[in-house]
1. What residue, of A:237, A:277, is in contact with a helix residue (DSSP H, G or I) (Cβ under 6 Å, 6 or more places away or on another chain), part of a helix (DSSP H, G or I) and surrounded by 22 or more Cβ atoms within 10 Å (Cβ to Cβ)?
2. State all residues of segment A:168-184 that are closer than 17 Å to residue A:86 by Cβ and over 13 Å from the mean Cα position of the chain (by Cα); if no residue qualifies, say none.
3. For segment B:78-100, what are the residues that are more than 7 Å from every other protein chain (Cβ to nearest Cβ) and assigned to a loop (DSSP other than H, G, I, E, B)?
4. Only one of these conditions is not met by residue A:307: (1) part of a helix (DSSP H, G or I); (2) touching a residue at least 24 places away in the same chain (Cβ under 8 Å); (3) of a type outside the set (A, V, I, L, M). Which number is it?
5. Inspect all residues belonging to segment B:134-147 and state whether any of them is within 23 Å of residue B:67 (Cβ to Cβ) and at pLDDT below 95.
6. Just to be sure I understand, how many residues within segment B:101-129 are of a type in the set (Ser, Thr, Tyr) and surrounded by 15 or more Cβ atoms within 10 Å (Cβ to Cβ)?
7. Considering only segment A:203-221, I want to know if a residue exists there that is under 21 Å from residue A:114 (Cβ atoms), in a helix (DSSP H, G or I) and at pLDDT 90 or above.
Amino acid sequence: MLAFSVLASLAIGSKSVPFAEVIRAFTAYDGSDAHAIVRDLRVPRTEVGLLVGAALGAAGALMQGATRNALAEPGILGINAGASFAVVLAISVLNVGSTPAYTGFALAGAAIVAIAVFALGATTRKGPAGVTLALAGSVMAALLIALTSAVLVFDARTLDEFRFWIVGSIGGRDGSVALTVLPVIAAGLVIAFAAGHSLNTLALGDEVARSLGQHVGRTRAAVSLGFVLLAGGAVAAAGPVAFVGLAVPHVARILAGPDYRWIVPYSVLLGAVLLLAADVVGRVLVRPAEMGVGIVTVLVGAPFFVWLVRRPKLVAL
Amino acid sequence: MSSLEARDLRVGYGGPDVVAGLDLVIRPEQITAIVGANGCGKSTLLRALARLITPTGGSVLLDGQEIRTLSSKAVAKRLGLLPQSPTAPENLTVEDLVARGRYPHQGLFRQWSPTDEQAVEEALAATATTDLRARPLDELSGGQRQRAWIAMALAQQTELLLLDEPTTYLDLAHQIDVLDLLDGLVAERGRTVVMVLHDINQACRYADQLVAVRDGRVHAAGAPGEIVDDRFIGDVFGLEARVVEDPVTGTPLCLPIAQRRSTRCAS
């Protein structure tokens, strides 16, 4: 399924390239337009799509596991809002004008907000437990969204640039974007894969986890760090892409059962597949123009999720 | 053999101390039942004994060592706790739940081993849940589910087992089922059981040592037959009652005197 999405992502677009030609672009590059499109445009785009999808899937699984909250998703810690605000400032104040250049700013914004949210959440008596963190994140997000809107209201030029970023897209990204976020997302994935065992214990409730000898606070902190790396890397590369981080872990749970050592890898794969598929759909839907992947995931995803929650048996956490 | 004791233990949640200078020695290879009125501090006491909450004063000693200075995993290898109504993710099978009890014996580099496998098998066998191993927890009856949770705590292989009201929400037959299971663990496997119980009559039947908590202190402790009488029930539960001999076991049996009914019957 993953291989097929990759191939489709390389082949389909405003200019379609036959599958055979796609393969020849790698085995026997001849400099033709089709080969150039595949190698120079579609490959980086697909790389970014894979990374972002995998990161969002894993991020959702981590946060749902750490908070035992079925609605936890990459938006909740204010990561997206932080990245958005940083990008707006970059456009408005520093006159930065290209999508790849936003990546660094978005990453920095996400990181600063994550640290602030942790500091805020950690000052409470019980330490950064799930609820405190989520509340701190929501407050931070509300504040940053207000600030972002304030800047945009007075600055039409920035709004014009920003609206392309905010919908979430993996088009127009060159190889440098994937390279910038790769170490961040890779580190996040390492934490995600290592956390499965501890998330299983945490799923039995804080008291049982603690009596099994787990440092519940430390586990949550480590998992949240992984989450920040993944969600931050994803938003930096593609802008805010809703829904993937929320829905993918639920599907993974249906397919893989309640074991986080399986839910995490399933979420990684499904996230990558879903994001690439949504991106391909976005290229086809309004041809020859394109629709941002962030819009497609919501358009396709919302009805699917309605179906999912209406199933007779939705898997509870 | 693991020993557990509390010395001048004080626990509070910011307000007045809920456990207020309590001394208690848990006897090894026996059942200790903690009883008391609602809000007397018995659940808090159990949590403090299990290191789930930090005392504001005094100390809990596990094998003579201050429990706060021990690592979480070191404690978890000697002492297991089952909270009142534990929650599990949906579709979790009995076997997977029990396997998660092996957590303190595993590490990042020490994964599943034959020892773990054997511990799980033993825990399933001891709780008669071997036949239920592949069933999801949410499909079981309340009594079966409680046995599965006890199996998880057993797989932890701790000498000390602390349980917070293990019979809550179970019907009478399943209550006896669970208590008999715990009794067997002590008699046949040499475990030490400490549990909070609501039902004073069941506590009298199953406990070797009864600990009555009142206002955050131990009001009385000892064999049920030696400490439970009419006055004891009045002091601990604030209830007028007659204590007679249990015709089945010979232990104390508490018969509450409800004000309205008894007056009407008497007149």
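The values are calculated or read from the model by the stated rules, or taken from the named source; none is laboratory data. Treat the numbers as computed from the prediction; the structure is a model and nothing was measured. Cβ atoms come from the backbone with ideal geometry, glycine included; neighbour counts cover every protein chain shown.
1. On the way: A:277 fails: surrounded by 22 or more Cβ atoms within 10 Å (Cβ to Cβ).
On inspection, the qualifying residue turns out to be A:237.
2. To start, the set of residues in segment A:168-184 that are closer than 17 Å to residue A:86 by Cβ comprises A:168, A:177, A:180-181, A:184.
Result: A:177, A:180.
3. Passing the criteria: B:78, B:84, B:85.
4. Unmet condition: (2).
5. Going through segment B:134-147, the residues within 23 Å of residue B:67 (Cβ to Cβ) turn out to be none.
No; the residues of segment B:134-147 include none that is within 23 Å of residue B:67 (Cβ to Cβ) and at pLDDT below 95.
6. To start, the set of residues in segment B:101-129 that are of a type in the set (Ser, Thr, Tyr) comprises B:103, B:113, B:115, B:127, B:129.
Still in the list and also surrounded by 15 or more Cβ atoms within 10 Å (Cβ to Cβ): B:103, B:127, B:129.
Qualifying residue count for the region: 3.
7. No, segment A:203-221 contains no residue that is under 21 Å from residue A:114 (Cβ atoms), in a helix (DSSP H, G or I) and at pLDDT 90 or above.
Residue by residue, here is whether (1) farther than 24 Å from residue A:267 by Cβ; (2) aliphatic (A, V, I, L, M) holds:
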| residue | (1), (2) |
| --- | --- |
| A:150 | yes, yes |
| A:153 | yes, yes |
| A:157 | yes, no |
| A:163 | yes, no |
| A:166 | yes, yes |
| A:182 | no, yes |
| A:186 | no, yes |
| A:191 | no, yes |
